[in-house]
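The values are calculated or read from the model by the stated rules, or taken from the named source; none is laboratory data. Since this is a predicted model, take the numbers as computed values, not measurements. Cβ coordinates were reconstructed from backbone atoms using ideal geometry, including for glycine residues, and neighbour counts include every protein chain displayed. Ligands, DNA and RNA are excluded from the accessible area calculation, which covers all protein heavy atoms including side chains. Shrake-Rupley method; radii C 1.70, N 1.55, O 1.52, S 1.80 Å.
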Amino acid sequence: MMNRHPFIAIEGLDGTGKTTLRKGLFRLWQGLFDVAPLCLLTTNFLSAEHAGQIVEGKYQPSADNRAAYLSAIIADKNETLQRLVRPQRRARPVIADRWLLSDLAFFAVKHDARPQDVYGTLAEGLVDGPDATLLLELSPNDSMRRARSRTGDAVREGWDVHDVQSGIRDAHAEVISSSGSFPLLGTVVRLDATGTPAEVLHSAWTSLEGLGLIPGSSADLEGES
């Protein structure tokens, strides 16, 4: 059995099925191993003094608040790592709905900042990250169509538009092309999100097994021998 459970981030455009995959992984771990993963968000507002900077930087991004927003992201992630991720990994997997890749993409589309430059600042303040980042890949047209079909207030004005979503996909592609330069993402696993939820879940689970992140997987057992 692994000494600690995995920390996994799920990334992708809106509508690609991140929530569906998270729920599927949750149920598999719960059903197969009788353990309920901890699920969290990319921003958890655990550093209370930075909450205002996070809200302003996310919803009213500008050159004036860019540096403060980036610092607030680092503070919030460190609090989340310290108070939630690290303690819980002794008992259960941790699955994040977005984590670091989404921040790199946000700065790319909202501040025209290169992912490598933003990552450099983030890496100076963060000491660790997920074991794996599962990236659900889908065209912007298909992802927006799915997002608009959801009930409730699921579509955000000024964000769920083709230009922005295409920019996010381009940022993802730039990072993937040199993923070794972004070690705090963990191993980046690209998943085809055009399949059924069951097919995507199977691909994700198989990939995690191959990385030795599932208890009793062959890679896990080899690491203990």
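Some observations on this one:
- Scanning the range 59-88 for residues being in contact with a helix residue (DSSP H, G or I) (Cβ under 7 Å, 6 or more places away or on another chain) and at pLDDT below 95 gives a total of 1.
- Scan of the range 79-109 for residues that are farther than 20 Å from T187 by Cα, open to solvent by 20 Å² or more (accessible area, probe 1.4 Å), in contact (Cβ under 8 Å) with a residue 40 or more places away in the chain and not hydrophobic (A, V, I, L, M, F, W, C), ordered by number: Q88, R90
- Number of residues in the range 88-107 that are of a type outside the set (S, T, N, Q) and over 16 Å from the mean Cα position of the chain (by Cα) equals 4.
- Qualifying residue in the range 19-38 (condition: buried (at least 18 other Cβ atoms within 10 Å of the Cβ) and touching a Phe, Trp or Tyr at 6+ places or on another chain (Cβ under 6 Å)): yes
- Of everything in the range 110-127 that is open to solvent by 50 Å² or more (accessible area, probe 1.4 Å) and more than 22 Å from D170 (Cα to Cα), the residue that is modelled with the highest pLDDT is E124.
- A residue that is in contact with a His (Cβ under 9 Å, 6 or more places away or on another chain) and not in a loop (DSSP other than H, G, I, E, B) occurs somewhere in the range 142-156.
- Among the residues examined, D160 does not qualify as out of contact with any His (no Cβ under 9 Å at 6 or more places or on another chain), part of a helix (DSSP H, G or I) and not β-branched (V, I, T).
- Given (1) in contact with a Leu (Cβ under 8 Å, 6 or more places away or on another chain); (2) modelled with pLDDT of 95 or more; (3) open to solvent by 40 Å² or more (accessible area, probe 1.4 Å), number of the condition G210 does not satisfy: (1)
- Within the range 41-65, residues that are aromatic (F, W, Y) have Cβ atoms under 9 Å from residues that are surrounded by fewer than 16 Cβ atoms within 10 Å (Cβ to Cβ) in these pairs: F45/A51; F45/V55, counting only partners at least 6 apart in sequence or on another chain.
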